[in-house]
Amino acid sequence: MKVSYYPGCTLKDKTTNLDDSTKAAAEALDIDMVELPEWTCCGATHPLTEEKIINLVPQIRILSNVRTEGNDSVTTTCAFCYNTLKRANKAVIDDPIKRQRMNAFLKDDKRIPEYDKETVYDFKEYNGETKVVHFLEILRDTIGFETLSNRVTKKLEGLKVAPYYGCQLLRPPEEVDLDDPENPSILEDFLRSLGCEVVNFPFKSECCGSYLSLSAPDAATRASHTILRSALKNGAEAVTLSCPLCYYNMDKRQDNILKLYADFSTVPVFFFTQLLALALGVDESVMGWNKHHIDPTPLLKEKGFLS
Amino acid sequence: MRAVISTRQVRSEFVARVQDLSGQDLLGCYQCGKCSAGCPMTEEMDIIPSQVIRLSQLGQEEDVLNCKTIWLCATCYQCGTRCPKGIDFSKIAEALRYLGMGKEKEVCGPNHIPTEIIAEAPQQALVSTFRKQGL
Amino acid sequence: MPQKKIGVFVCHCGINIASVVQIEELVKRLQESSGVYYATDYKYMCSEPGQASIRDAIKEKELDGIVVACCSPSLHELTFRRTSSSVDLNPYLCEIANIREHCSWVHSDSTLATEKAQEIIETIVEKVRLDEALDPIKVPVNKRAMVIGGGISGIQSALDIADSGYPVILVEREAAIGGHMAELSDTFLTLEKSSELLSAKQREVSVHSNIQLLTYSEVEDLDGYVGNFKATIKKKAKMVDWDKCDGCGKCIAVCPVKVPFDQEHPLGKENAIYLPLLEAGPKRVVIDKGICQHFSGECSECQTACPKSAIHFDEQDETLEEEIGAVVVATGYSMYPKDRIGEYGVDGCEDVIDGLQFERMLAAWERGEGPLRRPSDGKTPRDVVFVQCSGSRDPEHAMPYCSRICCMYTVKEAMVYRKAVPDGQAYVFYIDIRTGGKGCEEFTQGGIADNRLIYMRGKVSKLYREGDKVVVWGVDTLMGKKVEIAADLVVLATATVPSPGAKELAQRLKVSADDYGFFQEVHPKLRPVESPTAGIFLSGAARAPMDIPESIMHASGAASKVLALFSQDDISHEPIVAFVDEDYCSGCGVCVETCPYGARELQGRKRVAKVIEVLCQGCGACIAACPNGACQQRNFQAEQCLYMLDAAL
C-alpha cells in the first residue's frame, strides 16, 4: 500500500526512536510509506472552541498536501497528531462553514520559493478527501494481525506487556473512531501477534496527565503513578504506548514517582513500533534504547531478545 | 456562600458566550456528575467539573472563572465520552479558559516553565500548554 | 340524479371562528351558492340548541345532506352524524368542514379568512353532493380471548376475563407461568414474599375452568380482525412425558449443561433439563432444546438416569390453530444487558450483577438456601454498591427514558440485603429518587433511615477489579467530590427494556412497537391499554416499564376493554372502505401487495380483486396503486374528489 507519512514535531527531536522504528518497521513490512516533503506542526491539540477555527488550518494544510503528493491517506504514530488530524478532517467534512473558511485560507497559501522552486502551487479545494490512519490501523486493517504474526521473525514470547492507550487514541470516539473507547483491543491484538503476553489492567485508557506535566507536574506524576502501579500489580514487565507525551510522563516521570512513592519499582516503557521492529528483526540501531530514561535493555537481554 | 439568582445571571452575556464558544447546551446537563466521577484530575481540582457546569448554567461568572478546575482539565475527553446527555465538559472548560485568558489570566506561559524542563519536554506538550493555558 | 338539498350550518365556536371569519357575510354568500339549498349559523352548533336547529332544519327543509362548518372532524363528526341519524338522515350524508383549525385559528386577515372558509365549505358541499348513504358493516364477535405472556400482567388479565365467564387461552413461552415475579425476593411496599403472592394467582389460573393454559408455547402468527382472529401457536416439545415424570431431579443431577448465573432465565433453570418454578403445580421437568447437548452432540445422560423412562428426545413441536375474538399482549420486560455498558463491565467481572440477579440471590437466601454469597468466590458481600440509572436516562449510549421501577426496587433490595447481612453496608448512587407511587416515598425514606443506607447523589463512571474488590468511581455532587468505594458486590439497576422478541411479535400481530420495542398504545393519555389495531389490547410492562401494582391495574384495564368488546354480539365497522369495479379490474394483484391490512385478495375464476370489508381501514393505498382505476373508495370516489378540487381551486 502507498501512504504518506506525517511524523510530527516530537518525533524529529525528543523521540527520534519512535520515528526511526516506525520507518524501519514499515520498510520491513513493505509498506510504501513516504514522509511528506514539507510539513508543519499539527497544532498539537484540537481546538475546542467554535471560534478558534484558525487552529484547524495547519491540519487541513497537511491533509491537503497529502493529496498534492498523489496519496489518498496519511499515517502517523503520534496519538496527538492522529487525534488533531482526524478531528480537523471530520470538522471539514461535517461542517460546511468550517470547510468554506478553511478553503478560503488555503487558497491564498504560497509555497516559499527558497524551499521549493519548481512546483507550481495550484490549490485544489479540500473537502476532507484524505484518510487519516494510525499506523496501528495499517497493521490491523491492511496487513492484518494474522499476517503480521507470520512475518514476525523473533517472537517476543514470555514478555509481559501492558498496553496503554491513553486518551487521544480513543476519544472522542465518534470523531476518532479507532476502537471501542471502553474496551479497546487493537493494542492487545497487536501484542499477541508479536508473541507477547498481554497484561490486562483497568487503567489502560486513563489519562496520564498529558500536557499538565508542565503546568501541574505533581498531578501528572500522580496520574502516571496510578497507571504504572496498576500495570505492575497486574504483572506487567513493560508498558507499551504510541504517544510521545504519554511516553514522557510514563518514562521520564518515574524519577519523580520514586521520590513521592517509595515503594514504586521502575518499569520500562516501549513505543509499540519498537516492539514491532524488534520482532521483525530490524537492525537495532533504530531502537534508540539510549533515549529511554528507564533502560529497557536489561529486560530484553534477560528475555533473550537482545544479545 | 450565597448566590442571588435572577434573569441578569441566568440569561447573561456570559452564559451566552460560554454556550456559543463551547457549542454545548448548558441546560442540557442534568447534573448527574458522571463527568466528575470519571475525571482523572479531580484530586487536584478545587471544584468538580459538574459544579463548573452548574455555576455556568446559573451565570456565576466570577466563581467559575476563578476556579482552578478549568486549568486542570487535561482534555482527555473521558467526561464527554461517557456523558449521558452528550455534553462535552472539555469544550466548556476550554470556553471558560478562553474567557479567562481574555481577562489576562495566564496559568502557564513560557516564563512559568524552568529551562531544563523546556529542554526535555516533548514539543507537543509545550504547544498544547501554551495554547490551553498561556496568553 | 336529482339535485340534493344540502344544508350548511356554520358554527361561531364562541369567538373562536366568529372573531376572524365574518359569519354573516359567509352565510349570505353560501345562501347564494349554487349547490347550497339552505344555510344558517349558530353560536355553538355542538350545544343541544345548536343540534336541535340542525334536526329541525333537516325535517322542515327535507334536507338530503348536511355540512357542518365548525371544528375538526376528530372532535364532533360523530356528534353531528348522530344528530343526523336521529332524524333519519343517513349519517354518512353529514360531513364536517373544518373552518377552525384550518382557517380561523391560523389566519388573522378577516376578509381572506372569510373567503377561505367559503371555499372549504363549498368543497365539502361538493363531497356531500355525491356522498352515498352507507350502513356500518356488522361483524359477529367470537367471545374467546387469547392472552400472550404468563407473567403477573397476563395472569391478571386472563383471570379477569375468565372470571367474567369467557374462555381464555393463556400462552406462555416458558415452561411455567409467573414471569419475573417468580424470581423476585420480598416485594415493596409490604415486604411480602413475591413467590407467595404469586402462587395464589398461579393456582387460580391452573384450576380455572375458563382458562386453557399453554405453557412452553409461542404465538407464531395472527390473522383476521377484531372479533374474529385466528392464531397459530407453536407448542414446543418438552421432551418429557409429564404423566410419567414425578420431578425427582435425578436427570438434573446428571445434566452436563450448566446455565451461567448471569444469563436471563426463569428461576430454577440451571441446566438444559430443569424444573420450572411452579409453586402451585406438580413438579415436572422440561428440556431446553436450544442448549441440550443431545441435539448438539450425543449426550443422553438424563434419559439413562430417569427411573420412569419419561424422557423422549424424539418428541416434536406441535402447531395449534385457535380462533379468538380479542388478544391481550402481556409480554413484560427484560433487563438492558449490562455488558453493553463498557465502563461498568471491566473484564466481565462476576461481582457486578444486575438487579434481577440480585433478586434471585436474595430469594435464595429467603428460601433458606444459606447465607448470601457473591458469585465470584462465594464470600458474603460486606459492602454493596447499588448503581441506579445504569443505561436509563442515557440518550447518548443506551435508553433515554426513566425505567421507573428501579428507585423502588433498589431501596427494597438494600433493605432485604441488610436483613440478610446485618453488619453489611449498602451504598446507593442515584441521580434523582423517583418514588411517586402510593406509599412509595414513605417506604423509601423509612428504609433509608432504618437501615443506615448511604445514598449518594451522582452517577458512577467506572468500575474495575482490584484484588477481590470491585472499585467504584462515583461522585457525590452534594458533597462536591469524586467518590471511590471498594465494594464486594455491585448491583446495577440496568434499564428496563422490552422482553426479547417483542418487536418480532409486534410484527406478527401487526401492531406497532416504539423504537425500543415497547408496544404502542393508541393514545398515551386517553387510550393507554389499546393498541391501534382493534381487538388487540396491552397489559403491563409490554407497553412501558411499570411495577407490580401498576401492571395489575393495567392488566385489569386491558381485560375490561376485552369484556366491553365481548358485551356486544356483533360490532360495527366503518363503511368508508374500498370497492372494486370488476369490469375494470385486470386481476394484476397490485392492490393485494399494497394493502397493509391484508384486506385485499384475488378471488374466483376471473381472478378479480376483492375487498374484505371488515379488514379494510379505508386508507386508500390500493386506490392509489390500482393502474386501471378499478379500485374506488366509498364516499371518496374519483369523480367526487375532482369536483371537490374544482371547488377548492
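Examine the stretch A:159-167 for a residue that is of a type outside the set (F, W, Y) and out of contact with any strand residue (DSSP E or B) (no Cβ under 9 Å at 6 or more places or on another chain), and state whether such a residue exists.
yes
Considering only the stretch B:88-135, give the helices (runs of 4 or more DSSP H) lying wholly within it that have at least 2 residues that are more than 7 Å from chain A (Cβ to nearest Cβ) and among the β-branched types (V, I, T).
B:115-120
Output the residues belonging to the stretch A:16-48 that are touching a Gly at 6+ places or on another chain (Cβ under 8 Å) and either farther than 26 Å from A:Y248 by Cβ or of a type in the set (D, E, K, R) (or both).
Matches in the stretch A:16-48: A:D20, A:A28.
Please go through the stretch C:597-611 and give me each residue that is part of a loop (DSSP other than H, G, I, E, B), free of Cβ contacts under 8 Å to residues at least 40 places away in the same chain and surrounded by fewer than 18 Cβ atoms within 10 Å (Cβ to Cβ), ordered by number.
C:G604, C:R605, C:K606, C:R607 - these are the residues of the stretch C:597-611 that are part of a loop (DSSP other than H, G, I, E, B), free of Cβ contacts under 8 Å to residues at least 40 places away in the same chain and surrounded by fewer than 18 Cβ atoms within 10 Å (Cβ to Cβ).
One line per residue, one yes/no per condition, for (1) within 14 Å of chain C (Cβ to nearest Cβ); (2) over 16 Å from A:Q274 (Cα atoms); (3) crowded, with 22+ Cβ neighbours inside 10 Å; (4) touching a residue at least 60 places away in the same chain (Cβ under 8 Å):
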{"position": "A:F145", "(1), (2), (3), (4)": "no, yes, no, no"}
{"position": "A:N150", "(1), (2), (3), (4)": "no, yes, no, no"}
{"position": "A:G166", "(1), (2), (3), (4)": "no, yes, yes, yes"}
{"position": "A:L169", "(1), (2), (3), (4)": "no, yes, yes, yes"}
{"position": "A:I186", "(1), (2), (3), (4)": "no, yes, yes, no"}
{"position": "A:A231", "(1), (2), (3), (4)": "yes, yes, yes, yes"}
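Could you please give the count of residues in the stretch C:364-389 that are in contact (Cβ under 8 Å) with a residue 12 or more places away in the chain and assigned to a loop (DSSP other than H, G, I, E, B)?
Total satisfying the criteria: 11.
With respect to A:L191, is the statement that it is within 14 Å of the chain's Cα centre (by Cα), away from chain C (no Cβ under 14 Å) and among the hydrophobic types (A, V, I, L, M, F, W, C) true?
No: the conditions fail for A:L191.
Name the residues in the stretch C:28-51 that are under 19 Å from C:K5 (Cα atoms) and among the small types (G, A, S), would you?
The answer is C:S33, C:S34, C:G35, C:A39.
Sort out which residues of the stretch C:31-48 are without any contact (Cβ under 8 Å) to a residue 40 or more places away in the chain and either crowded, with 17+ Cβ neighbours inside 10 Å or under 41 Å from the mean Cα position of the chain (by Cα) (or both), and write them in order of number.
C:Y37, C:Y38, C:A39, C:D41, C:Y42, C:Y44, C:M45, C:C46, C:S47, C:E48
List pairs: first in the stretch C:297-320 and closer than 20 Å to C:L214 by Cα and modelled with pLDDT of 90 or more, second of a type in the set (G, A, S) and assigned to a loop (DSSP other than H, G, I, E, B), Cβ under 8 Å, 6+ apart or cross-chain?
From residues that are closer than 20 Å to C:L214 by Cα and modelled with pLDDT of 90 or more, the pairs are C:E315/C:A237; C:Q316/C:A237; C:D317/C:A237; C:E318/C:A237.
What helices (runs of 4 or more DSSP H) completely inside the stretch C:72-172 contain at least 3 residues that are surrounded by 22 or more Cβ atoms within 10 Å (Cβ to Cβ) and assigned by TED's automatic domain parsing to the domain that holds C:A39?
Helices (runs of 4 or more DSSP H) meeting the threshold: C:73-86, C:110-130.
For the stretch C:130-189, which positions are basic (K, R), touching a strand residue (DSSP E or B) at 6+ places or on another chain (Cβ under 6 Å) and within 21 Å of C:D221 (Cα to Cα)?
C:R144, C:R173
Of (1) within 13 Å of chain B (Cβ to nearest Cβ); (2) within 23 Å of C:I485 (Cα to Cα); (3) assigned to a loop (DSSP other than H, G, I, E, B); (4) touching a residue at least 40 places away in the same chain (Cβ under 8 Å), C:D432 satisfies all except one. Which?
Just one mismatch for C:D432, condition (4).
Out of the residues in the stretch C:442-468 that are assigned to a strand (DSSP E or B) and either at pLDDT below 95 or within 12 Å of another protein chain (Cβ to nearest Cβ) (or both), state the one that is nearest to C:Y417 (Cα to Cα).
The qualifying residue nearest to C:Y417 (Cα to Cα) is C:M456.
If a residue has to be among the charged types (D, E, K, R) and farther than 25 Å from C:M479 by Cα to count, how many in the stretch C:423-445 make the cut?
Final tally of qualifying residues: 2.
Which helices (runs of 4 or more DSSP H) sit wholly inside the stretch A:213-284 and have at least 1 residues that are among the aliphatic types (A, V, I, L, M) and closer than 17 Å to A:T15 by Cα?
A:244-247, A:272-279
I'd like to know if the stretch B:53-72 contains one or more residues that are surrounded by 24 or more Cβ atoms within 10 Å (Cβ to Cβ), free of Cβ contacts under 8 Å to residues at least 24 places away in the same chain and within 11 Å of chain C (Cβ to nearest Cβ).
no
Can you tell me which residue in the stretch C:368-407 is surrounded by the fewest Cβ atoms within 10 Å (Cβ to Cβ), limited to those that are modelled with pLDDT under 95 and among the small types (G, A, S)?
C:G368
The values are calculated or read from the model by the stated rules, or taken from the named source; none is laboratory data. Keep in mind that this is a model prediction, so the values were computed, not measured. Here Cβ is always computed from backbone atoms with ideal geometry, including for glycine, and neighbour counts include all displayed protein chains.
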